[in-house]
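Below you'll find the structure, written out as structure tokens, and then a few comments.
Rule-based calculations on the coordinates, nothing more; no lab input. Quantities reported herein were computed from a predicted structural model and do not represent experimental measurements. Cβ: placed from backbone, ideal geometry, glycine included. Neighbour counts: every protein chain shown.
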Ligand code: SF4
Ligand code: ZN
């Protein structure tokens, strides 16, 4: 058999050679294999049940575009209802492109799409916050704020639209990075929450699911391109050289010589997770059993992290005027 023959159908033009299992696939067999693998994960891990309303966090990046396209198969079979939400954090020169792609993809797939901007909701943007931070002696990085606000907006939107599941595009690379990072940092508390379904610490949070968790990042990019969608490659200007990036580089390099390493990391972790949970969760008292007096979201304090950030940012913006 030549190097360029699909191991599935025999067609003489392949788009991928999967070193981890030896397959060479043509475009059509490759796309089918990705869809079948994700749908199998959804079924095996019981990520959705018939009648679920799934809200996809659609950034316009390759992962969320692939996720929407595959979940749309279940929408077309009338197994689930599907909507998407894009958060516009107000990052000039970066977010506009993602929002444009998100609008196009949702339109093409006929999926109801919500765009929530930080500026409309909170009256400031990440760019504005970073202007304030520039003046500080020890500036916080943008992701500290961005992550907290995005989480709040996702949870609120899920509740507003009546979603029963919130789906995110985390892929195999993201997940193995999280496992390794938290292990190396000794952060057992975060480690036990990594999974196909994010363990909600409070019933008022919509359960989060990660259907792409077994798909390598590279294959998701290829799937989106082969499906005829645009891929948004630009990175966020505020993404910094983080520990996650170091771990990501290490894993990518290791994968070149050991093609199955990400799968074995993920599978090994899934095996030991129940024991860690059993022994560790007994002592975990960090549950958000209160309600934020400002926004009504579940919180471990009287005022949630997002609302306390909002208050401080408004105070600082007022002083600037
Ligand atoms: Fe937000 Fe940080 Fe992601 Fe940029 S890299 S979008 S600032 S979380
Ligand atoms: Zn709040």
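Once both axes come from the Cα atoms, what is the angle between helix 27-44 and the longest principal axis of the chain, in degrees from 0 to 90, rounded to 10?
The helix 27-44 is inclined about 60 degrees to the chain.
Between residue 303 and residue 231, 0.36 nm times their residue separation minus their Cα-Cα distance comes to what?
Stretched out fully, the residue 303 to residue 231 stretch lengthens by 22.0 nm.
Spin-label point model (7 Å from Cα, Cβ direction): what's the residue 202 to residue 12 distance in nm?
6.3 nm
Place a label point 7 angstrom from the Cα of residue 239 along the Cα-to-Cβ direction, then list the residues of region 115-158 whose backbone nitrogen is under 14 Å away.
143
If I model a spin label as a point 7 Å beyond the Cα along the Cα-Cβ vector, how far apart are those points for residue 249 and residue 40 in nm?
Calculated label separation equals 3.5 nm.
Starting from the Cα of residue 279, step 7 Å along the direction of its Cβ; do the same at residue 136; then give the gap between the two resulting points in nm.
Simple spin-label model gives 3.8 nm for this pair.
At 222 nm, what helix-only mean residue ellipticity would the chain give, in deg cm²/dmol to the nearest 500, using -39500 (n - 2.57) for each DSSP H run of four or more? Numbers along the way, then the final one.
Details: 12 runs with 159 residues, N = 321.
Estimated from H runs of four or more residues: -16000 deg cm²/dmol.
Taking Cα atoms, how many degrees apart are the long axis of helix 62-76 and the longest axis of the chain, rounded to 10 and kept between 0 and 90?
Tilt relative to the chain: about 70 degrees.
In degrees between 0 and 90, to the nearest 10, how far off the longest principal axis of the chain does helix 261-280 point, with axes built from Cα atoms?
Helix 261-280 and the main axis of the chain meet at about 50 degrees.
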